[in-house]
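Single-structure report; data block below.
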Amino acid sequence: MQDRDERLMRLAAEALQIPAAQREIFLRAACLQDQDLYSEVTEMVEWEERMGGFMRDPLVGLIDLEALDRPFKPGQVISERFEVLREVGHGGMGVVYEAYDRKREQRIAIKCAKLGYERLSPELRGALKVRHPNICLVNEIHTASTDLGELDFLTMEFLDGETLLSRLSRGKLEFHEALRLARNLCAGLAEAHRSGVLHRDLKPANVILTPGKAKESRAVITDFGLAADQEGNTDLIGGTPSYMAPELKQNGQTSPASDVYALGVILYEMVTGQKPFPDAAANNGNAPAAAPGKLVKHLPRFWNDAILPCLATRPERRPSAEQTLALLDRKPLYRRPWVAAAALVFLAAGALSGPQIYEYLRPPDISLAILPVHGAGELQGIGEGVLHGVTERLSRVSKGKPKFLLIPLATAQNKNVNSLEQAASLLHATHVLQLELHRDGNRVAVEAAVVDLKSQAHVRDYSGSFSEADLGDLPGGLTGAITASLHLKHKAAPESISLDAAAAYNAGRNYLREGRYSFDQAIAQFQKAAQQDAHSPLPQAGLVEAYVSKYRVQNDSQALEQAAVHLQKAEILAPDSSSVRLAAAWLNIFQNKNAQAREDCSRALELDPGNAQAWMLCGYLYDVEGNDNKALEYFHKAIALDPTYYRPYQFLGGYYLIRSQFAEAEAQYRKEVEYALNDMDGLSDLGSVLTEQGKYTEAAGILRKALSIKATPANLNDLGATLAFMGRDAEALPYFQRAAALEVSNYRYQINIGDVERRLGNRGASKTAYRKGLSVTSNHLKVNANSYQARAYMAYTQARLGQKVNARLEIAQAMQSPDKDKQILLCAILTYEALGDREQALKLVGQIPAAMKITIEHHSDLAGLRKDLRYDK
């Protein structure tokens, strides 16, 4: 009983040193599943707060917490530019002010985070690049100096009007109003997703209805990524369950599909006046929603067709926001009087069946108008020639879905159509191609855009600089921009390269097939091929992949910059080729743009279904999303298509490894070793998985072989770890030291040095290594605050340095990871053991998978834990 009382006092004291917004996370993790302990500690903390803080510095009681939640005041001028006029709203994590921007001389809104939620999420930074009339325009991120330190805040478009939540409180919307606003929401969300930005908390409270032309309100989506706390979590979890997709309640994995689910709930509410699942807590995603048409009499059928797929339980079965918009835009067949007359003619002739008549007569999904060249002057003739070339290429677009109608340049010229408005009203176009040419010295600068006429958003931009001799590449580049952005089917022409350049290009591809460490040789060959054939996109796409490999090996940000330069060159030539889309996918993956990478891979598969690399990358992206079945299906398809290509085995091995299916991972890595020539990655992968299974002697031999090919930090560290598991710390130490010298930015290497020095009795050297590890980990978290694994390592290091309160806080936050992978669990067990909290460590041991027990059984620092009578072997 005395031990429990001491633990209560210790936890309460530690909790009181933590900001209030973070206490619940800390205490729930520290108490694990002991609800009684959590309740007692929480009660003690609340009592201490009410009594004025006997356990803390009494000055804490003098802080004005309300003032901390309101960092700015009316009348205040921020950054000598923004005059705060009034507070207009606040939520759990942020506060919004109306302000006047003295520089731009206009009203704006300012939004900043409350205390405890200072960091701006990645989604928010992404939202800065989205420009659309149905998305609140975010201008800039600013930093102001306050009494609390540096504070980030946003300036954005000021929107007059009420929220959709307020409007829905008065009941469902009338048909025309609902349709107009639904189209607004779909168009805005589609544009965000095209830009790789997720909302994460879409709900009526985040939609403003602002007056537009003819007194019709316009729906504007706000708060992209704004509701994020210091760990990047949104108030979605526990805040708005009615709009949460089923997968979010299970594992918290946000995606475009989870946004679409929320969109479906909102549309359902708009037309029926009620939510599809009134009891959101009870709904587990298995019970289908009643069709809106069953709740509202005479509701057009397209509402059912648009809304119900959005509410599908499985995310992969939901449409995109763009597809939902297309359904809402489509006019019912019975409203087209000419259809009935034409159908009678065809039926009388017996020429077509009913479905064929419908397909023949239905209007196109996409009508693209080619507008006259703008600003060309003396280049007018060249520009028209380019557009005629585009027209000729688009005429070969395959029939099917989406149904496509091309309105050629001659039609626009005959009707004197030059503007977007004229294209919509006179040509009934849904999209246009705009082209602008002008002189830039002795070159021709090209600016083009595919524009959606309904939203007037740029679906895709195209720009480049050409010599007149190279303008022959422009029609193909523009055609690819159109087919890619509108997802048009077309017969993919063989990706060709001149005979002179083919040998160098194939040599570069062969170097990449040997393994990622041959990137320098691959780059040299691709550069040679690009010089020999400047009109083929293939060498440029190869350079993208080679520079991405260089980045993976050397962690050199300049390599990614070079990859981006070559991708731009490739996309000028042929943006809709499978090789270029795959190159874009590789780059986007390493720029953390997985949504865009997924779109690139999917397009590559549409163009070339037999491309093994496209299947492999799609499988990887499914794996990242947590879609296990799809990931396995795509990995195996890639292997079947190209069984001698090492990479699919590497990806599939990684899939099994992260799930602690070590025997399966070993089988794949042995295949990787077989086919990855002159590359030690396969050896490293195989050595690591052998270590996981306790096959230390074979693992050490494999890893030494890898080092004989190339001494990389990862290989050196892996061999050191294997030797440490064998109890050979003195032999392991130099390998850890060499790894740390080669890669000073890797915190794990310094921490491993600290562990070995401590076990060897070198206390001073151990402390020095731990401090270096802590410094490197802190720097890593400044760049990537949402790295749960780095936070777990930080907690362990703090525990070893005696920083007990910080260690408990950090490990509690690390344990909020939706994955709780092996390294996080192991770090947590080691952290609690280092803190002397054997009870917590033992509870976590009970949560680890059986395959991970080998690591516990052989870890030198857990010998005492294993001897504890409560340890279940």
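The values are calculated or read from the model by the stated rules, or taken from the named source; none is laboratory data. What you are looking at is a predicted structure, and each value in this text was computed from that prediction instead of being measured. Cβ coordinates were reconstructed from backbone atoms using ideal geometry, including for glycine residues, and neighbour counts include every protein chain displayed. Ligands, DNA and RNA are excluded from the accessible area calculation, which covers all protein heavy atoms including side chains. Shrake-Rupley method; radii C 1.70, N 1.55, O 1.52, S 1.80 Å.
In region 460-483, the condition of being surrounded by 16 or more Cβ atoms within 10 Å (Cβ to Cβ) and assigned to a loop (DSSP other than H, G, I, E, B) is met by no residue.
Does region 430-444 include one or more residues that are closer than 21 Å to L486 by Cβ, modelled with pLDDT of 90 or more and assigned to a loop (DSSP other than H, G, I, E, B)? Yes, region 430-444 has at least one match.
For region 691-716, name all the residues that are among the polar types (S, T, N, Q), closer than 24 Å to Q661 by Cβ and at pLDDT below 90. Can you show your working first?
At the first step, the residues of region 691-716 found to be among the polar types (S, T, N, Q) are 691, 693, 697, 708, 712, 715.
Right, trim to closer than 24 Å to Q661 by Cβ and you get 691, 693, 697, 715.
Scanning region 691-716 gives a single hit, N715.
Summed over region 426-446, residues that are out of contact with any Ser or Thr (no Cβ under 8 Å at 6 or more places or on another chain) and either under 20 Å from D329 (Cβ atoms) or surrounded by 23 or more Cβ atoms within 10 Å (Cβ to Cβ) (or both) total 5.
Output the residues belonging to region 574-596 that are buried (at least 24 other Cβ atoms within 10 Å of the Cβ) and assigned to a loop (DSSP other than H, G, I, E, B). Listed by number, the residues that qualify are A574, P575, D576, S577. With respect to the conditions (1) modelled with pLDDT of 95 or more; (2) within 31 Å of the chain's Cα centre (by Cα), V744 lacks only one, and its number is (1). When we screen A410, A369, A423, A449 for residues that are open to solvent by less than 40 Å² (accessible area, probe 1.4 Å) and assigned to a helix (DSSP H, G or I), the only hit is A423. If you filter region 583-615 down to residues that are touching a residue at least 60 places away in the same chain (Cβ under 8 Å) and among the aliphatic types (A, V, I, L, M), you find that the one that is nearest to Y547 (Cα to Cα) is A595.
When region 377-424 is filtered for residues that are among the hydroxyl-bearing types (S, T, Y) and modelled with pLDDT of 85 or more, the ones remaining, listed by number, are T391, T411, S419. Against the test of being charged (D, E, K, R) and closer than 17 Å to S549 by Cα, the options R647, R670, R704 yield a single qualifying residue, R647. Here the condition is being open to solvent by less than 20 Å² (accessible area, probe 1.4 Å), out of contact with any Asp or Glu (no Cβ under 8 Å at 6 or more places or on another chain), in a helix (DSSP H, G or I) and of a type in the set (D, E, K, R); of E545, E571, E599, it holds for E545 alone. When A714, A724 are checked against the criterion of being in contact (Cβ under 8 Å) with a residue 12 or more places away in the chain, open to solvent by less than 40 Å² (accessible area, probe 1.4 Å) and out of contact with any strand residue (DSSP E or B) (no Cβ under 7 Å at 6 or more places or on another chain), A724 stands alone in meeting it.
Residues that are under 26 Å from N786 (Cα atoms) and at pLDDT 75 or above number at least 3 in the following strands (runs of 3 or more DSSP E) confined to region 114-218: 138-146, 149-157. For the residues Q661, Q650, the requirement of being in contact (Cβ under 8 Å) with a residue 12 or more places away in the chain, under 29 Å from D556 (Cα atoms) and either in contact with a helix residue (DSSP H, G or I) (Cβ under 8 Å, 6 or more places away or on another chain) or charged (D, E, K, R) (or both) singles out Q650. Counting only helices (runs of 4 or more DSSP H) wholly contained in region 834-873, the ones carrying 1 or more residues that are out of contact with any Gly (no Cβ under 7 Å at 6 or more places or on another chain), among the polar types (S, T, N, Q) and surrounded by 18 or more Cβ atoms within 10 Å (Cβ to Cβ) occupy 838-845, 853-858.
Residues are listed down the side, and each one gets a yes or a no for (1) at positive phi; (2) crowded, with 24+ Cβ neighbours inside 10 Å; (3) at pLDDT 90 or above:
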residue: F651; (1), (2), (3): no, no, yes
residue: Y656; (1), (2), (3): no, no, yes
residue: A663; (1), (2), (3): no, no, yes
residue: Q668; (1), (2), (3): no, yes, yes
residue: K671; (1), (2), (3): no, no, yes
residue: Y675; (1), (2), (3): no, no, no
residue: D681; (1), (2), (3): no, yes, no
residue: V689; (1), (2), (3): no, yes, yes
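Candidates in region 484-513 are the residues that are among the charged types (D, E, K, R) and within 27 Å of S395 (Cβ to Cβ); of these, the one that is surrounded by the fewest Cβ atoms within 10 Å (Cβ to Cβ) is K491. Taken over region 779-804, the criterion of being free of Cβ contacts under 8 Å to residues at least 40 places away in the same chain, farther than 17 Å from Y832 by Cα and open to solvent by 40 Å² or more (accessible area, probe 1.4 Å) is satisfied by N779, H780, K782, V783, N784.
Sort through L361, L352, L347 and tell me the only one that's in contact with a Phe, Trp or Tyr (Cβ under 7 Å, 6 or more places away or on another chain) and at pLDDT below 75.
One residue alone meets the criteria, L352.
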